[in-house]
Amino acid sequence: MAFMSRFSRSSRSRSSSRSPSRGQSGRASPSPVLSVTELERLLSTGKTACNHTDEVWPNLYIGDQDIASDRRELVRLGITHILNCAQSKWRGGAENYTGMNITYHGIEAHDSPSFDMSVNFYPAAEFIHRALSAGGKVLVHCAVGLSRSATLVLAYLMIRQNLTLVEAIRTVKDHRGVVPNRGFLRQLSGLDGILRESRQGAAHS
């Protein structure tokens, strides 16, 4: 695979996360299209551990509910935007960050293979893109930071950073163990197919 993120050690994170850089080279050929079973096998390789939060792309973090509730740590990390993929009326939302100058967006998504997460792919990608383009730092979180939040970060990398699904998974897996459920993987695979066709069409136009 011609694309490979380059990482350097960062002393900024309590989890000793490695900090990504945007070093993307041109692809000699596109990465392969994998079945859901093959994607699950890919997800089981590489890094499987995770901290309360890990930086998986420059200024883009995946985390859990604990880090999202830790106002002091959010300030230390310099988080400016929060995308909550497990919005719930019982846990509150934007009001949790009153006085912190944090832009908040909540999505009430369920970690179920039958849940249609694809309707959130583009809105989430645009939220992340606008935040990063403005120089912000984004925390995308759900309950444990493994499935829902990872799915939307993968979608962002595919939509806005032009990565294939395999490349996006490998990029995130360099920093954090993630496990999107089978239904989410199918939806991401569908997005991968649509984006591949779009890019091929653009290349031949």
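Rolling a 1.4 angstrom probe over the protein heavy atoms, how many square angstrom per residue are accessible across region 53-121? Don't skip to the answer; put the middle values down first.
Values: 3360 Å² over 69 residues.
Here the per-residue accessible area is 49 Å².
How far apart, in nm, are the 7 Å Cα→Cβ label points at GLN200 and VAL119?
For GLN200 paired with VAL119, the spin-label model returns 3.0 nm.
Give the cysteines in the chain for which no other Cys Cβ lies under 4.7 Å away, or write none if there are none.
Taking the Cβ cut-off of 4.7 Å, the unpaired cysteines of the chain are CYS50.
Can you tell me the orientation of helix 148-160 relative to the chain, as the angle in degrees between its alpha-carbon axis and the longest Cα principal axis, to the nearest 10?
Tilt relative to the chain: about 50 degrees.
Using alpha-carbon positions, what is the distance between the centroids of region 62-85 and region 158-205, in Å?
Centre-to-centre (Cα) distance: 25 Å.
Would you mind counting up the charge near ASP192? Only other residues with Cβ under 12 Å from its Cβ, with Lys and Arg at +1 and Asp and Glu at -1.
Details: positive: ARG186, ARG196, ARG199; negative: GLU167, GLU197.
Combined, the nearby Lys, Arg, Asp and Glu give +1.
Specify whether the C-alpha gyration tensor of region 42-161 places it in the rounded, prolate or oblate class, a ≥ b ≥ c being the square roots of the eigenvalues: rounded for a/c under 1.5, otherwise prolate if a/b is larger than b/c and oblate if not.
Cα axes put region 42-161 in the rounded bin.
For region 127-205, what is the accessible area per residue in Å², given a 1.4 Å probe and the full set of protein chains?
34 Å²
The values are calculated or read from the model by the stated rules, or taken from the named source; none is laboratory data. It should be emphasised that the depicted structure is a prediction, and the values quoted were computed from it without experimental measurement. Positions of Cβ are generated from backbone atoms using ideal geometry, with glycine treated the same way; all protein chains shown enter the neighbour counts. Ligands, DNA and RNA are excluded from the accessible area calculation, which covers all protein heavy atoms including side chains. Shrake-Rupley method; radii C 1.70, N 1.55, O 1.52, S 1.80 Å.
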